[in-house]
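**Q** My structure is below; once you've seen it, I'll send some questions.
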Amino acid sequence: MSASENTTAGQEPPDPAATPSLEESIRQVTGASRATADAAKHSLRSLRRLASADFALARSAFGRALAWAGVAIVFGASAWLLLAATLIALLQSWGMSWLQALLITSLLSLLVTCVAAWRVSFFFQHTGMHATRRQLSRLGLFDEPSEEDPDADVQIPEGKP
């Protein structure tokens with residue numbers, strides 16, 4: 001395009017006096033990069049403060065939850081003992097011997113204990129972080145399968161995460 005075509009299209013030719021020098025352009029780019037680096041530094045500092053505050057809140061909440069879980073366990077156990085004593089008294093009032101009433105209550109307690117132990121073992125399997133370890137193995141980290149890893153021989157089809 002010629003200069004006459006630029007003016008006909010509504011555009012004016014660039015003014016050489018308005019264009020900054022190379023040194024000034026480098027100063028502007030350097031200043032902008034410093035401002036960007038400062039903004040990134042402040043963002044990371046804010047993120048670190050947020051994470052620190054969040055971890056402190058989680059730590060405090062975990063301690064309080066643990067204390068209340070202890071209270072719940074103590075009162076739950078005492079409630080079960082009172083309920084078992086009531087069941088034993090009820091079974092005895094229906095004509096059962098002490099031995100039979102105690103046996104029925106004990107079997108009920110053992111049944112609930114077995115179900116709870118089964119559920120605990122089921123949920124503890126999820127704490128092994130098997131998916132994370134598989135992904136780390138794909139990246140070449142920790143790629144030695146251990147004998148106690150139940151997912152070491154699992155083959156993941158291609159195209160699936």
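What follows draws every value from the coordinates through simple rules; no lab data is involved. Note that this is a predicted model, so its numbers are computed, not measured. Glycine gets a Cβ as well: all are built from the backbone with ideal geometry, and neighbour counts include every protein chain shown.
**Q** By how many nm would the segment from LEU50 to ALA37 grow when fully extended, if each residue of separation counts as 0.36 nm and the alpha-carbon distance is taken off? Can you show the working numbers first?
**A** Values: separation 13, 0.36 × 13 = 4.68 nm, distance 1.97 nm.
Once the chain is fully extended between LEU50 and ALA37, it gains 2.7 nm.
**Q** Would you kindly state how much longer the chain becomes between PHE124 and LEU136 on full extension, computed as 0.36 nm times their sequence separation minus their alpha carbon distance, in nm to one decimal?
**A** Values: separation 12, 0.36 × 12 = 4.32 nm, distance 2.08 nm.
Fully extending the segment from PHE124 to LEU136 adds 2.2 nm.
**Q** Kindly state, to the nearest 0.05, the FRET efficiency for LEU110 paired with PHE62, given R0 = 25 Å and r defined as their beta-carbon distance. If you can, show how the numbers build up before the last one.
**A** Numbers: r = 32 Å, r/R0 = 1.27.
The pair LEU110/PHE62 has a calculated efficiency of 0.20.
**Q** Starting from one equal scatterer on each C-alpha and no solvent at all, send me the Debye-based log10 I(q)/I(0) for the stretch 96-143 at q = 0.14 Å⁻¹, two decimals.
**A** -0.56
**Q** Right, another one. Residue by residue, what Karplus-based ³J(HN,Hα) values in Hz, rounded to whole numbers, does the stretch 19-33 have, using 6.51, -1.76 and 1.60 with θ = phi - 60° and x for Gly and Pro?
**A** Values per residue, Gly and Pro as x: 6, x, 6, 4, 4, 5, 4, 5, 4, 5, 5, 5, x, 5, 5 Hz.
**Q** Hey, could you grab the Kirkwood Rh for the stretch 20-76? Inverse mean 1/r over distinct alpha carbon pairs, Å, one decimal. Write down the numbers at each step before the final one.
**A** Working: mean 1/r = 0.0653 Å⁻¹.
Over the stretch 20-76, the inverse of the mean reciprocal pair distance is 15.3 Å.
**Q** Using a/c under 1.5 as the rounded threshold, could you call the stretch 53-141 rounded, prolate or oblate? The axes a ≥ b ≥ c are square roots of the C-alpha gyration tensor eigenvalues, and prolate needs a/b larger than b/c, oblate otherwise.
**A** oblate
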